[in-house]
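Worksheet for the structure shown next.
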Amino acid sequence: FRGKTADELREHAAQALTGARSRSTALTDAVDDEDLVRQHSKLMSPLVWDLAHIGSQEELWLVRDVGGREPLRPDIDDLYDAFQHPRADRPSLPLLGPAEARHYVGEVRAKAFDVLERAPMEGRRLIESAFAFGMITQHEQQHDETMLATHQLRQGEPVLHAPAAPGARSGPLPPEVLVPGGPFLMGTSVEPWALDNERPAHEVGVDAFFIDTTPVTNGEYVEFLESGGYRQRQWWSEAGWEYRSAHDITAPRFWRREAGGWWRARFGVDEPVPAEQPVVHVSFYEAEAYAAWAGKRLPTEREWEKAARFDPATGQSRRFPWGNEAPTPEHANLGQRHLSPAAAGAYPAGASPLGVHQLIGDVWEWTSTDFHGYPGFAAFPYREYSEVFFGPDYKILRGGSFGTDAAAIRGTFRNWDYPIRRQIFAGFRCARDAAGV
Ligand code: AVJ
Ligand code: FE
């Protein structure tokens, strides 16, 4: 926030909120009312639930907590409390209908802007207020990505459209690079919009390791698949093999075999699986099996962050692989500008100082690390944002996907999900030890 006037900070928050809202509107206006209230998959909420939930959180956190205003709709707090109702049960709740939900989120937003007008954007309460608007923006963008995943699960004619993602723009890349051993600064204490689980900054030691310069591509993944990887027990962990067998998983989600080739369904369009793009819609277990087959392993979360942020020239950690400036379309495939990952090598301007590409954008990357708080973790503003998820059930994903907005990603951002999840836009890259280097 340094060097910014209170008005500039307000303007920035207003633009971020408005950007998130145009995306939510586009995702929910793309389908008719019947489609909005339908559950497209037991794994997801009806889109109309996400929309009103976005409004409900904004009412709770911004309008009531930060603004100290009277509740608008205290009667619906429970309906949109994600902890009270699992996704599968949400369609049977007495939810706001499409018109009511749109009206509600509009009313909440008007109040939120009113709160923003009067928010203390200087002095002692600056950080608190500015963070609250950042948190609400990120919350909406996260649900927008979730709604995008619902669109991917939806049956029917395509309703979302975007230009094709770029092809490779860098020359041939080495398959992997060496990341030197030694300490680096992980997490952050200064990033204004960082959530509680990214804090505080702390030094961690990492042994030297090799990491892939790009995420694993469909072409590479097909080699694993066609060499019998899904049938060979030896590549799989015990839990992974159990999961693979119980659900008879034989390929990434949304893939099918036809006429001697692999096809995929992508937002209602059928297309041959593009060999040059990172693989997406694989579970942690599949990622782990591929890595074992390739003679490698998944990176730990620390390794991923060191590869993404460490600048060997200065010894400092950057905000993003390319530096400290916010992502532009030259740096990374973010923000649903395209409806797929881009080819490996499509973002040379986004590479890290060590030459690791596409750490931000394209696909979320599975790491081998369970979700825990950093040393000195303090839940903020609520235990329910991250702390209640700490433990061995969730694996960390890093870097964001083509469906993640720039407002909701940075080098320190931590996402988490169950290792069986495949409907999220997740892929991976491999690493290996560099003992003795
Ligand atoms: C950080 C993506 C795991 O979607 O469950 C949304 C974000 N938290 N509403 C999720 C979130 C509350 C969260 N993830
Ligand atoms: Fe939420």
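The values are calculated or read from the model by the stated rules, or taken from the named source; none is laboratory data. Just so it is clear, the structure is predicted and the values come from calculations on it, not from any experiment. For neighbour counting, all protein chains shown are included, and Cβ atoms are generated from backbone atoms with ideal geometry for every residue, glycine included.
For Gly19, work out the one condition from (1) in a helix (DSSP H, G or I); (2) within 16 Å of ligand 2 (Cβ to nearest atom); (3) closer than 23 Å to Thr150 by Cβ; (4) touching a residue at least 60 places away in the same chain (Cβ under 8 Å) it doesn't fulfil.
Result: Gly19 fails condition (2) only.
Taking into account only those residues within region 383-411 that are hydroxyl-bearing (Ser, Thr, Tyr) and in contact with a helix residue (DSSP H, G or I) (Cβ under 9 Å, 6 or more places away or on another chain), which is farthest from ligand 2 (Cβ to nearest atom)?
Among them, the one singled out is Ser401.
Hey, can you tell me all the residues within region 36-66 that are crowded, with 19+ Cβ neighbours inside 10 Å and more than 20 Å from Tyr385 (Cα to Cα)?
Selection gives Leu36, Gln39, His40, Pro46, Leu47, Val48.
Collect the residues in region 114-169 that are polar (S, T, N, Q) and either in contact with a Lys or Arg (Cβ under 9 Å, 6 or more places away or on another chain) or within 16 Å of ligand 1 (Cβ to nearest atom) (or both), keeping them in residue-number order. If you could, list the steps in order and put the result at the bottom.
At the first step, the residues of region 114-169 found to be polar (S, T, N, Q) are 129, 137-138, 141-142, 146, 150, 152, 155.
Within region 114-169, Thr137, Gln138, Gln141, Gln142, Thr146, Thr150, Gln152 qualify.
Hey, does region 125-136 have a residue that's surrounded by fewer than 20 Cβ atoms within 10 Å (Cβ to Cβ), in contact (Cβ under 8 Å) with a residue 12 or more places away in the chain and not in a helix (DSSP H, G or I)?
No: zero hits.
Hey, could you check region 36-45 for residues that are over 20 Å from the mean Cα position of the chain (by Cα) and either in a helix (DSSP H, G or I) or within 16 Å of ligand 2 (Cβ to nearest atom) (or both) and say which is nearest to Asp78 (Cα to Cα)?
My answer is Val37.
Do you know which of the residues in region 263-293 that are buried (at least 19 other Cβ atoms within 10 Å of the Cβ) and assigned to a strand (DSSP E or B) is nearest to the chain's Cα centre (by Cα)?
That would be Pro278.
Give just the number: which of (1) touching a Phe, Trp or Tyr at 6+ places or on another chain (Cβ under 7 Å); (2) within 24 Å of Arg318 (Cβ to Cβ); (3) crowded, with 17+ Cβ neighbours inside 10 Å does Ala349 not satisfy?
With respect to (1) touching a Phe, Trp or Tyr at 6+ places or on another chain (Cβ under 7 Å); (2) within 24 Å of Arg318 (Cβ to Cβ); (3) crowded, with 17+ Cβ neighbours inside 10 Å, Ala349 is out only on (3).
Against the definition (loosely packed, with under 14 Cβ neighbours inside 10 Å and part of a helix (DSSP H, G or I)), how does Glu220 come out, yes or no?
Against the criterion (loosely packed, with under 14 Cβ neighbours inside 10 Å and part of a helix (DSSP H, G or I)), Glu220 does not qualify.
Six or more apart or on different chains, Cβ atoms under 7 Å: show the pairs whose first residue is in region 285-309 and farther than 24 Å from Ser352 by Cα and whose second is charged (D, E, K, R) and part of a helix (DSSP H, G or I).
As it stands, the answer is Tyr285/Arg244, since those pairs meet every condition given.
Tell me yes or no: at least one residue of region 26-35 is within 20 Å of the chain's Cα centre (by Cα), surrounded by fewer than 19 Cβ atoms within 10 Å (Cβ to Cβ) and at pLDDT 95 or above.
Scanning region 26-35, I find at least one residue that is within 20 Å of the chain's Cα centre (by Cα), surrounded by fewer than 19 Cβ atoms within 10 Å (Cβ to Cβ) and at pLDDT 95 or above, so the answer is yes.
Just for region 142-157: of the residues that are within 18 Å of Arg253 (Cα to Cα) and assigned to a loop (DSSP other than H, G, I, E, B), which one is nearest to ligand 2 (Cβ to nearest atom)?
Arg154
Scan region 411-435 for residues that are in a strand (DSSP E or B), more than 10 Å from ligand 1 (Cβ to nearest atom) and surrounded by 20 or more Cβ atoms within 10 Å (Cβ to Cβ) and report the count.
Of the residues in region 411-435, 3 are in a strand (DSSP E or B), more than 10 Å from ligand 1 (Cβ to nearest atom) and surrounded by 20 or more Cβ atoms within 10 Å (Cβ to Cβ).
Kindly check whether there is at least one residue in region 365-372 that is charged (D, E, K, R), within 29 Å of Arg23 (Cα to Cα) and assigned to a loop (DSSP other than H, G, I, E, B).
no
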